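These notes concern the structure reproduced below.
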Amino acid sequence: MKSYKFALTANAGLSITFPSALIWIDAVHTKKAPTYSTITPEIWKTMLSDPDYSGKAMRGPDALAFSHCHIDHFSSDIVREAMRLWPDAKVILPERYFPDEIHVDGKGMYVDVNDVSLHFIKTHHCTRRHHNKTHYSLMMNDGGTRIFMPMDSSMSDPDMHYAAVHNDIDIAIVDYVWVMMGKGREIIENDIRPRHLLIYHLQFEQDDHWSYRAQTREAAKLITGIPDVRILDTPFQKEIIEI
């Protein structure tokens, strides 16, 4: 049995501990977008001293990967600071910011981080005005366990849908909006069909001016056929899944 730990940073940011690697996904951003939360100096300070974020002996993550470069997912200043602290960490980006980054390009690309294969799948962003923004969904596989993150993909994107229905997915991590919409719940239940479901991209309590957190909890009760459903919405929340 393998153990996977998911530690929330803010918004859609996660630090994921695999058996062989520590990988940050959209984990650090410092510019506050409307309706969303972000990494405060206090959160960043705690991340630097917590091994679930900074690794054993605070050696840092093995990789920092980003789906797209909107301000609620990525900030170059804090990534630059992370690169200074941990120069051996891979930085994987779909836009060019740093000379030493691994640049994700094309319709799909694989990047290996220790025993974890990261498959970046080019998909359309969910909002009309950002429909053509460079954006990737992510399928991760460490030799048996598959973790699927549509990220901010459109629910109608054909490449996202293909990845969902053609893989046996153990863990799916989805935006709360998917859960609040009937179409999103249908895709989760019938196409992605994960054994475990994590729901994220929610505001922290102090930023939840439209009661999205309560609405998401009610909508999550409508999901059927998935035995393990969890919501990530609290600073430093950590969830362990054993497969």
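Of the set (1) among the basic types (Lys, Arg); (2) in contact (Cβ under 8 Å) with a residue 12 or more places away in the chain; (3) out of contact with any helix residue (DSSP H, G or I) (no Cβ under 9 Å at 6 or more places or on another chain), all apply to Arg213 but (3). Looking across segment 176-210, the residues that are part of a loop (DSSP other than H, G, I, E, B), free of Cβ contacts under 8 Å to residues at least 60 places away in the same chain and either touching a Cys at 6+ places or on another chain (Cβ under 9 Å) or surrounded by fewer than 22 Cβ atoms within 10 Å (Cβ to Cβ) (or both) come down to Met181, Arg193, Arg195, Asp208. Scanning segment 53-78 for residues that are in a helix (DSSP H, G or I), open to solvent by less than 30 Å² (accessible area, probe 1.4 Å) and within 20 Å of Asn114 (Cα to Cα) gives Tyr53, Ser54. For segment 25-52, the set of residues classified as over 23 Å from Pro94 (Cα atoms), modelled with pLDDT of 95 or more and open to solvent by 10 Å² or more (accessible area, probe 1.4 Å) consists of Thr40, Pro41, Glu42, Ile43, Trp44, Lys45, Thr46, Leu48, Ser49, Asp50, Pro51, Asp52, listed by residue number.
Condition test on Ala164, is it in a strand (DSSP E or B), in contact (Cβ under 8 Å) with a residue 12 or more places away in the chain, open to solvent by less than 10 Å² (accessible area, probe 1.4 Å) and not polar (S, T, N, Q)? No: the conditions fail for Ala164. When Ile92, Ile173 are checked against the criterion of being β-branched (Val, Ile, Thr), under 26 Å from Arg195 (Cβ atoms) and either open to solvent by less than 70 Å² (accessible area, probe 1.4 Å) or free of Cβ contacts under 8 Å to residues at least 40 places away in the same chain (or both), a single residue qualifies: Ile173. Those residues that are open to solvent by 40 Å² or more (accessible area, probe 1.4 Å) and within 15 Å of the chain's Cα centre (by Cα), I need them from segment 211-233; list them, please. If the condition is that a residue be open to solvent by 40 Å² or more (accessible area, probe 1.4 Å) and within 15 Å of the chain's Cα centre (by Cα), then Arg230 is the only one that fits.
The values are calculated or read from the model by the stated rules, or taken from the named source; none is laboratory data. Everything numeric in this text was worked out from a predicted model, so none of it was measured. Heads up, the Cβs are rebuilt from the backbone with ideal geometry, glycines too, and the neighbour counts pull from every protein chain shown. These area figures cover heavy atoms from the full protein model, side chains too; ligands, DNA and RNA do not enter into them. Shrake-Rupley method; radii C 1.70, N 1.55, O 1.52, S 1.80 Å.
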